[in-house]
1. Neighbour counts of other C-beta atoms within 10 Å: give me Cys44, Cys271 arranged from fewest to most.
2. Would you mind pulling out the separation of the Cα centroids of the range 161-223 and the range 253-295, in Å?
3. Could you line up Ser159, Ser3 from fewest to most neighbouring Cβ atoms inside 10 Å?
4. When the label point is put 7 Å from the Cα of Arg359 along its Cα-to-beta-carbon vector, which residues of the range 242-277 have a backbone N closer than 20 Å?
5. Need the C-alpha centroid separation for the range 73-112 versus the range 339-415, integer Å.
6. Between beta-carbons, use under 9 Å as the cut-off and find the net charge around Asp81, counting Lys and Arg +1, Asp and Glu -1.
7. How much FRET efficiency would the formula 1/(1 + (r/R0)^6) give for Lys220 and Asp124, where r is the Cβ-Cβ distance and R0 is 35 Å, rounded to 0.05?
8. Grab the other residues whose beta carbon is less than 13 angstrom from that of Ala129, score K and R as +1, D and E as -1, and report the net.
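Every number here is computed from the coordinates shown, using simple stated rules; none is lab data. Since the structure is predicted, the reported quantities are computational estimates derived from the model, not experimental observations. Here the Cβ positions follow ideal geometry from the backbone for every residue, glycine too, while neighbour counts run over all protein chains shown.
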Amino acid sequence: MGSFIINGGNRLCGNICVHGAKNSVLPVLAATVLSGERSVIYGCPELTDVDSTIKILRYLGCRIRREGGSIEVDSSGMTGDSIPDVLMREMRSSVIFLGAILARTGRAEMTYPGGCELGPRPIDLHLSALRSMGAEITERGGRMICETVGLKGADIDLSIPSVGATENIMLAATAAEGTTRIFNAAREPEIYDLQQFLNRAGARISGAGGPYIEIEGGAKLHAAEHSIIPDRIVTATYMCAVAAAGGEVLLENVCPRHVATVTSVLREAGCRIGETGDRLHISSERRLNAVHPVRTMPYPGFPTDAQSPVMAVMATADGATVFIENIFENRYRHVGELMRMGADIRTEGRVAVVFGVPRLHGAEVEATDLRGGAALIIAALGAEGRTVIRRAKHIERGYEQIEKALGGIGADIEFQEG
């Protein structure tokens, strides 16, 4: 599974170029099956989740050519309409293929997806939305079988602004007869990025980035090229690394407005942050302060994916910081590992109170999930001594060669196989 070995205490100085957004490239790659032609996606990071997506595309019959950060998908020879359980279990985002395959072939068969164990994340919103558009969905032996003789546009009011459900509806609605309107849609930047790709391919979608999205179905889609937006959670992670370890770093290829809530918290803690175009400069030269309660919310609120990295920073800040997790039930699995490093954190339900300690110390810990693993790297960078972070595979799902990026700005970090 591999491990990261970190000797803490080094200041971080230099430049990092942030890679493309994992949560954008996955649905965009799924969307390439809709046209039945050749599409090229730029800015695709080398992540295990991207590798898993490519495996699914190949299983469906698509031809893939990958060169650096570019992925060419030729879906003209796509013959499959089902995904085996072994591929579905590799990542949660595999469910995004449901709407895409159904739109392309009129039938989709798959099991429930895997991914990080962050608590219940039911896909009933996805299924009820597709049913309202005319899909018939049955379960046989643990598999979902979705079929339709023709999708119809519908008005869909989501009870919560689910990112995955919004994306699946958008993908399916491109092939529906008539207009589909999504109310209480997810507003994440990745939703807008998906709209941009689909419209470049000939779709007629408007409103992404807001709570109301309209899709005029039935347009013939064609080949398209698209560049993925910067990864806002990777941006937040590197900001937190500098905050915890100290130093001065310029982050390039970022979208500052996408991380505005994280920037606000780190500024309140005492970091100095400047923004110019697609660059963000952050410096941390002294012990930080605790901040007002951090409440995770759907975008544009504070992102749940940034909760654990910021918590690692607050572990050594003066005072106590309260975290309230409103998105996932099991998002505090990293707390026990931070406490092995000397953190003083108390949790009850969805609330965690972090009492800043003078310093953390190196320890042997385990990455329990993607962002929790990133939090351990952040904590280790600012800690005294040597930290070994096992189960690095979780971290590799969302960060492209994080050891090289951090090593390039002064961190003593290496990846060890096995």
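1. Values: Cys44 27, Cys271 21.
Listed from fewest to most nearby Cβ atoms, that is Cys271, Cys44.
2. Value for the Cα centre distance between the two parts: 31 Å.
3. Ser159, Ser3
4. It comes to 242-248, nothing else.
5. Cα centres, the range 73-112 to the range 339-415: 34 Å.
6. Values: positive: Arg104, Arg107; negative: Glu109.
Counting the neighbours of Asp81, the net charge comes to +1.
7. Values: r = 32 Å, r/R0 = 0.91.
Computed FRET efficiency for Lys220 and Asp124: 0.65.
8. Working: positive: Arg131, Lys152, Arg181; negative: Asp124, Asp155, Asp157, Glu167.
Value of the local net charge: -1.
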